[in-house]
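Peer 1: Below are the structure tokens for one structure; questions will follow.
The values are calculated or read from the model by the stated rules, or taken from the named source; none is laboratory data. Here the structure is a predicted model, which means the values were calculated and not measured. Ideal geometry is used to build each Cβ from the backbone, glycine not excepted, and the neighbour counts take in all protein chains shown. Just the protein is used for accessible areas: all its heavy atoms, side chains included, with ligands, DNA and RNA removed. Shrake-Rupley method; radii C 1.70, N 1.55, O 1.52, S 1.80 Å.
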Amino acid sequence: MKLITQNIITVFLLTFLLFSTGCSTKKKSWVNRQFHNTTAKYNGYFNGNESIKNGVKKLEEGFVDDYTTILPVFKTGDLRKSKKTHSYMDKAIKKGSIVIQRHSMKIKGREYCKWIDDNYLMVGKSYFYKGEFEDAIKTFSFIKNEYKNNIIQFDASLWLIRALVEKKDFMTAQVELDELTGNRKLPKKLEIDLAIISADFYLQQANYILALEQLVKIDKSIKRKNKKVRYNYIMAQLYHESNNNKSAKNKYEQVLSSSPEYEMVFNAKMNLARSLEYGSKDTQKMRQKLLKMTKDAKNKEYLDQIYFTLAEMDINNYDTVNAISNYLLSTVNSIENNTQKSLSFLALAKIDYSRSFYKDSKVNYDSTLFYMDEDFREYDTSKEKHEILKDLVYHLGIISLQDSLQSLAELPAVELSRAINQLIQAEVEKEREVLEVERSKQQMLYENNRNGGRGEQFGNSTSGGKWYFYNPATLSFGLSEFRKKWGKRRLEDDWRRKDKKIVNVFELDSLSSDSVELVTQNKKDPNYYLEKLPKTDEDLAKSDKMIKESTYQAGVIYKNDLEEHSKSSALFMSLLSRFPNDKNYAALAYYNVYVNHLQLGKDQEAEVMKSLLLHNFPSSVYAQLLTNPNFYDQLIGLQNKDELAYQSTYQLYTAKDYIQVIENCKLVSDDSYQSKYLFLKALSFSALKDFSECVNILDKIISIDKDPQIVKESIYLLESINNPEKMKKANEQALTESQYLFRSGNTHMSLLILPKEGVDINYLKTLISDYHSNNFENEVFEISAMLMGSDKHLLMIKTFDNSRDVVVYNQLIIKDIGIINQLNKSDYKVLAISFDNFKEFYKNRDVEGYYNFFKKNYLDNN
């Protein structure tokens, strides 16, 4: 018993001795190293790394692929917006930071704890997944520079590229990517990672050709099908995008043979169907398969996409009638998939647009924009088309309404009553047709339910139970129908009102004794039409004015926006036939018809219009435009009075008479020059060091938002005021009249610029490496090459602490016989450039501009 007690005490003392002596980070003994390595790995790194894995898993599980566009390489989404993984990443950062603080054994410049670099990398990855890319970039750059002789530098470089790409700093990412691609020391096991990151880099810039090259490398390198299924799917999409349907078909078939998740299987089948070319013998077989899929219960969530695919196949086979029918079925069967619904309506809008059915197209664009997210890739184009069509339909509606009202006003009382009754009957019939369409949709959904598809009838027993509110399918349908009628409304009082500021009629009555006359909006009430009829000469003149303006505006839209020159001419001619002597519109109509005829190559008809314009309105502006070649310049000269006044104030500013500029700008009119005068006023206050007034005026410029360029300059100036360093840099650039700044103490590189043709860049890199081995064996240089444009090589040698070192290095290197002989085979330039200036130089491809800056600042000063 006594012996056991002594052994326990001995073990305890040894353990205590080990930990007490091992805690020191200033001694590099075996015991110390073992203690800190073990603790760093298992206490910090292991737990932190597991936390990152769990966070990334949660991130990827929550990511939803948008199969309507090319899939991203990584399933992360917008990391700046995602907050769901922050707790995991914060834990990893905390673990890694504690390890670095407590277990780093850096003695005489050498790190003896081998897990410190891994913890740095773990911290950098955590910042990356939090969307804090600036901190991630700093961390990866530190690892890359601190551990140059360690394999972890390559991992850090790969993560650095990913962070730069996510930050959308593609230029710097390109530099890093080229540097890593040309590095012969890159470990073999990281080549796949490099290809994956390169594919992501090119895809995010829509450079599909180079992205495809990288994906082919990935396909060859990864052997297991299930590991490369996502990359194969992206390859198939890219082949499809470039109309290489044969390769797309092969890749989609590879995807299907890899047993991916069902959603990918489904979309691969849909894309296979869409890739079938006109006249393909497989078209009918594929159509039968798709129709069979509509009856399969497991496809009930995908009916909208199946019908959309059938419609796309119809379009490929030039069957517009069936395509329209299937696009409509797609919209009917789309309940929760708003993206697909918007694409189906968009397809219908485009068909109507191509057939010049502009009213129908406008209605479909209405639905497109309602269901489409504002950040969706098609949104801006769709909105632009919708705005054009909305204006056109509005003006055509004004013309039609005012024509009808004028015709009705001329009728005797009995005929007027009969005509109004016909209009009311037409309105009733229209409502009946709408109800019939709704009934058809309900019947279609019911039929789909009977056939095993989606769209259960209200109240039927499905997976959710018998009662409506227990049934998720009917709830989804109800939500969709509600949104179609009311839009996306919040749950609140008066939810039916879009504008909560509208005051109730009864509230008005209670506040005022005056009677409130309400104009009925019921189109089935005769008063709706009677109240709108022009009853006096003044009413008729107003109606004519509306017709003239809308006819002109619709004609211009047909001419300029839709390029429907014949329809444009027809409207202008109708304006001429009704108002041939109108001083404002008739000459304008002649001129526009003249231009339309020229556009259509009808020179003879154009000459007729020109003659009529000159005969009927010889002194009009438009007649002058056709007869006096200098008239346009003279017209501009008259308009330049305002410009001359502004230039006069601008000259005062350049003469530094800031007080007078502010005085001139006190009474600024609300016209196109308002922003310009205000900007001069702000600059003057800035020059007088009155920054608070300057900021107030800049805020006003931004709020009125009249001149986009001046708004942009105002935002930049505000940022400069808030960031004095930025202003200092801008001032220096202005004083030196150069976009480059000379900072002798900044980090530099040696830069060789050579033509692409006739230069063996790899051989030149080898010569320089050999030169370094012989002359700078104790120095570490990084050599990398990249293309600038399609005709130049850039060869970069770095890193130098200041400008003097790099200039001396350049003078030495061009004295080497082998290197100079190779350089003399072509035109070349050997320059020194700071890292900051290189970004500006590479962005602008500014060889001559930078060369002049280099000669002035580096050669003359050394």
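Peer 1: Once a ≥ b ≥ c are taken as the square roots of the eigenvalues of the Cα gyration tensor of region 265-420, is the result rounded (a/c under 1.5), prolate (a/b larger than b/c) or oblate (a/b not larger than b/c)?
Peer 2: prolate
Peer 1: Starting from one equal scatterer on each C-alpha and no solvent at all, send me the Debye-based log10 I(q)/I(0) for region 189-262 at q = 0.12, 0.24, 0.27 Å⁻¹, two decimals.
Peer 2: The calculated log intensity ratios at q = 0.12, 0.24, 0.27 Å⁻¹ are -0.30, -1.11, -1.28.
Peer 1: With a 1.4 Å probe and every protein chain kept in, tell me what percent of the accessible surface of region 760-810 is carbon plus sulfur.
Peer 2: 41
Peer 1: With label points built 7 Å along Cα→Cβ from the Cα atoms of Glu261 and Glu605, find their separation and express it in nm.
Peer 2: 5.8
Peer 1: In region 210-319, carbon and sulfur make up what percent of the accessible area (probe 1.4 Å)?
Peer 2: 47
Peer 1: State the extension gain, in nm to one decimal, for the chain segment bounded by Glu549 and Asn226, taking 0.36 nm per residue of separation less the distance between their alpha-carbons.
Peer 2: Length gained between Glu549 and Asn226: 109.8 nm.
Peer 1: Taking only protein heavy atoms and a 1.4 Å probe, what accessible area per residue, in Å², does region 745-853 have with all protein chains in place?
Peer 2: Result: 49 Å² of accessible area for each residue.
Peer 1: According to the square roots a ≥ b ≥ c of the eigenvalues of the Cα gyration tensor, what is the shape class of region 227-329, taking rounded for a/c under 1.5, prolate for a/b larger than b/c otherwise, and oblate for the remainder?
Peer 2: Oblate.
Peer 1: If I stretch the segment between Glu563 and Lys81 completely, what's the gain in nm (0.36 nm per residue apart, minus their alpha carbon distance), one decimal?
Peer 2: Roughly 169.3 nm would be gained on extension.
Peer 1: Would you work out the relative contact order for region 798-862, in percent, from Cα pairs under 8 angstrom that are 6 or more residues apart?
Peer 2: 40
Peer 1: In terms of the Cα gyration tensor, with a ≥ b ≥ c the square roots of its eigenvalues, is region 152-290 rounded because a/c is under 1.5, prolate because a/b exceeds b/c, or oblate?
Peer 2: The shape class here is prolate.
Peer 1: With a Förster radius of 51 Å, plug the Cβ-Cβ distance of Glu241 and Leu530 into 1/(1 + (r/R0)^6) and report the FRET value to the nearest 0.05.
Peer 2: It comes to 0.30.
Peer 1: Relative contact order (percent) for region 244-340, with alpha-carbon contacts under 8 angstrom and 6 or more residues of separation?
Peer 2: 23
Peer 1: Counting only other residues whose beta carbon sits under 12 Å from that of Phe128, what net charge do I get with K and R as +1, D and E as -1?
Peer 2: Around Phe128, the charge tally is +2.
Peer 1: Gain in length, Thr181 to Val621, computed as 0.36 nm per residue apart minus the alpha-carbon separation, to one decimal in nm?
Peer 2: Roughly 152.0 nm would be gained on extension.
Peer 1: Oh, and also: Between region 213-288 and region 588-630, how many Å separate their Cα centres?
Peer 2: That distance is 57 Å.
Peer 1: Placing one identical point scatterer on every Cα of region 147-203 and ignoring solvent, what is log10 I(q)/I(0) from the Debye formula at q = 0.26, 0.29 Å⁻¹?
Peer 2: With no solvent term, the Cα-only Debye profile gives -1.09, -1.31.
Peer 1: Ok, one more. For every other residue with a beta carbon closer than 10 angstrom to the beta carbon of Lys798, add +1 if it is Lys or Arg and -1 if Asp or Glu, then tell me the sum.
Peer 2: Spelling it out: positives minus negatives among the neighbours equals -2.
Peer 1: If you don't mind, another one. Where only protein heavy atoms count, and the probe is 1.4 Å, what is the accessible area per residue for region 141-292 in Å²?
Peer 2: 50
Peer 1: On to the next question. Specify the inter-centroid distance of region 669-707 and region 827-856, based on alpha-carbon positions, in whole Å.
Peer 2: After rounding, the separation between the Cα centres reads 36 Å.
Peer 1: Can you compute the FRET efficiency between Lys712 and Arg418 using 1/(1 + (r/R0)^6), with r the Cβ-Cβ distance and R0 = 56 Å? Round to the nearest 0.05.
Peer 2: Computed FRET efficiency for Lys712 and Arg418 comes out at 0.35.
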